[in-house]
């Protein structure tokens, strides 16, 4: 056990004997990982910002002119108990007419009407959901008793959802391509290490070392290199966001607004590190499986 541990540590030490090459590999991995991860962070922040600017979606329920007070009370209780609705606001006919007078500046014209033409209405604030779910909720509410018309301005929701889906697909494609590139980088690095230590591997096989024993240090090296690349990517993203926030703060003050770009959460950070370590291990495993079997002791 001690001999195996000492051999693994010694081999890892020899692998890092060229610090410049090791640092460059880690830097390449960090930059490559920071691109999709940084785009993911910006997409998350953009989603939050767009949601704030767009406001909460509303469904307007216009009641029939024959709706009585009891009908309104029953409908309000139904709406308040609905699982997909966060808040309900009732707008009486008289209140709606008064708001119309103030917003249009046609108080004299409206005041000359013989009767109030506006119906009672409910303003429904749904819980955050997809555009399809909002449309389904509108159709459901339109069938409630005494509801004459249900109106949802869902165009912005569809546009927002389409933009976010496009952004997520771009991040997924970029992450997939760069992941393959990182596996190739580790694959080539391990290949060079195997070729450099070919004589030592042949001797180890002659004295009875198994492929698993020989493979282990290379896998450690690949996983370690991937982990260090992930840490480098995390620092690149964090420093970049700090610089962007400094400039964004000055821009936000011009618009009397406050918005800060948030960095990776703890869960996302751990995912980044584990994923980078897995990519390094995978590249090392593929390389060792490909080249170790070609080395035969003489």
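The values are calculated or read from the model by the stated rules, or taken from the named source; none is laboratory data. Model, not experiment: these values are computed from the prediction. Because the Cβ atoms are built from the backbone with ideal geometry, glycine has one as well, and the counts that use them run over all protein chains shown.
If residue 129 satisfies all but one of (1) out of contact with any helix residue (DSSP H, G or I) (no Cβ under 7 Å at 6 or more places or on another chain); (2) part of a helix (DSSP H, G or I); (3) at pLDDT 65 or above, what's the number of the condition it fails?
In the conditions (1) out of contact with any helix residue (DSSP H, G or I) (no Cβ under 7 Å at 6 or more places or on another chain); (2) part of a helix (DSSP H, G or I); (3) at pLDDT 65 or above, residue 129 misses (2) alone.
Based on this model, can you work out whether residue 75 counts as within 35 Å of the chain's Cα centre (by Cα), within 30 Å of residue 130 (Cβ to Cβ), modelled with pLDDT of 80 or more and buried (at least 17 other Cβ atoms within 10 Å of the Cβ)?
No; evaluated as a whole, the condition is false for this residue.
Per-residue answers, yes or no, for (1) within 16 Å of residue 28 (Cα to Cα); (2) touching a helix residue (DSSP H, G or I) at 6+ places or on another chain (Cβ under 9 Å); (3) at pLDDT below 90:
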{"position": "179", "(1), (2), (3)": "yes, yes, yes"}
{"position": "187", "(1), (2), (3)": "yes, yes, yes"}
{"position": "190", "(1), (2), (3)": "yes, yes, yes"}
{"position": "194", "(1), (2), (3)": "no, yes, yes"}
{"position": "208", "(1), (2), (3)": "no, no, yes"}
{"position": "211", "(1), (2), (3)": "no, yes, yes"}
{"position": "231", "(1), (2), (3)": "yes, yes, no"}
{"position": "235", "(1), (2), (3)": "yes, yes, no"}
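When the range 46-72 is examined, which residues are found to be modelled with pLDDT of 80 or more and either surrounded by fewer than 18 Cβ atoms within 10 Å (Cβ to Cβ) or under 30 Å from residue 186 (Cβ atoms) (or both)?
The answer is 58, 60, 64, 65, 66, 68, 69, 70, 71, 72.
If residue 150 passes every condition in (1) more than 17 Å from the chain's Cα centre (by Cα); (2) modelled with pLDDT of 85 or more; (3) loosely packed, with under 15 Cβ neighbours inside 10 Å but one, which one does it miss?
For residue 150, the exception is condition (3).
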